[in-house]
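The values are calculated or read from the model by the stated rules, or taken from the named source; none is laboratory data. This structure is a prediction, so every number in the text was calculated from the model and none was measured. Quick reminder, even Gly has a Cβ in these numbers, built from the backbone with ideal geometry, and neighbours come from all protein chains shown. To get the accessible areas, we keep the full protein, side chains included, count just its heavy atoms, and leave off ligands, DNA and RNA. Shrake-Rupley method; radii C 1.70, N 1.55, O 1.52, S 1.80 Å.
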Amino acid sequence: MGSPAVEVEVDDPTWGSGEPRLVRVTNPDRVYFPERGWTKLDLVEYYLAVGPALVNALHGRPCMLHRFPKGLAGPKVHQKRVPAGAPPWIETVRVHFPRYDRTADELCVTEVAHVIWAVQMSTVELHPWNSRRDDVEKPDEWRIDLDPGPECDFATVQRVAGVVHEVLDELGATGFPKTSGGSGLHVYVRIPPDHGFADVRRAALAFAREVERRSPADVTTAWWRKDRDPAQLFVDYNQNARDHTIAAAYSVRGFPDGRVSTPVRWEEVDDLDPRDFTLETVPARLAELGDLHAGIDDAVFDPAVLLEWADRDDLEVPPVQ
């Protein structure tokens, strides 16, 4: 027998009713993170603690849910469609997938209760698109994914992050770094929603090539995994392709120690350890520092110069993997 369900009140002023949403959480004592003994209810309480900052990261974006119905020890389910029977206050955005000529009504988070409902659905990780529902085909977020190979240490990730910061500064772009929650780092740059996915991905490749030129011993942009040195870091421009998603800022990751993809300051990068950011430690950090990504919408960078770099280098972007 599972533990009795609990009702969680989500009092979120962003949606304007004045009355809290009620979310019924079943199996609250199910252990999700065996290394620390943290439960489904612990996960709910974490997401309540970071809720407004997480909503800022997710707001208005199609969102894929990474669900673990039996906890991390069980299978992981990648879910795009909001199931029938969801509460009437759940918001969605319809996305078309041309390859299959199908549509999916994906979760579109605009308030904290949407996140808590997703956790009730056994969601651990929330993976948003880099575009919003106002125009799903026009990204407003350029994502720089520093993805270390299997033999690449974190010191290499830290060195390359310094090069990324250097190039962004030269461009006049403001990058917002965060831990991936795994072994890498992500840097987000807000862009105007004026370009399609193909152009944004091409601009991201041009930037990656510049980082590779400056740090050839550490960085690769080789398309095929077999062509990459496992000790190098891949600047994964492909994360800007349509329907490619990565964990949001403040999203917990599906690791037994409950790590969180956490915004960091540039000056922290050289000394940080991603394992320090967990669902236990991040709420206090957020309370102390505030949301380090809060100003991202005010720092918009036009990627036109990167498209000029792509033309200069005559870059042809490989087909999406």
Segment 44-80, subset in a loop (DSSP other than H, G, I, E, B) and over 18 Å from the mean Cα position of the chain (by Cα), residue surrounded by the fewest Cβ atoms within 10 Å (Cβ to Cβ): Pro75
Residue among Arg213, Arg159 that is in a helix (DSSP H, G or I), at pLDDT 95 or above, of a type outside the set (Val, Ile, Thr) and farther than 26 Å from Ala299 by Cα: Arg213
Flag if Leu233 is touching a residue at least 40 places away in the same chain (Cβ under 8 Å), under 20 Å from Asp147 (Cβ atoms) and touching a Cys at 6+ places or on another chain (Cβ under 9 Å): yes
Any hit, segment 118-137, residues being assigned to a helix (DSSP H, G or I), open to solvent by less than 20 Å² (accessible area, probe 1.4 Å), in contact (Cβ under 8 Å) with a residue 12 or more places away in the chain and not hydrophobic (A, V, I, L, M, F, W, C): no
Residues that are within 20 Å of Met64 (Cβ to Cβ), open to solvent by 10 Å² or more (accessible area, probe 1.4 Å) and not basic (Lys, Arg), drawn from segment 251-274: Gly254, Phe255
Any hit, segment 231-243, residues being at pLDDT below 95 and within 14 Å of the chain's Cα centre (by Cα): yes
Residue in segment 274-289 that is more than 22 Å from Gln158 (Cβ to Cβ), charged (D, E, K, R), assigned to a loop (DSSP other than H, G, I, E, B) and modelled with pLDDT of 95 or more present: yes
Per-region count, segment 167-196, residues open to solvent by less than 20 Å² (accessible area, probe 1.4 Å) and either assigned to a loop (DSSP other than H, G, I, E, B) or in contact (Cβ under 8 Å) with a residue 60 or more places away in the chain (or both): 15
Some residue of segment 17-38 being among the polar types (S, T, N, Q) and open to solvent by 50 Å² or more (accessible area, probe 1.4 Å): yes
Residue check for Val112: in contact with a helix residue (DSSP H, G or I) (Cβ under 6 Å, 6 or more places away or on another chain), surrounded by 22 or more Cβ atoms within 10 Å (Cβ to Cβ) and within 22 Å of Asp12 (Cα to Cα): yes
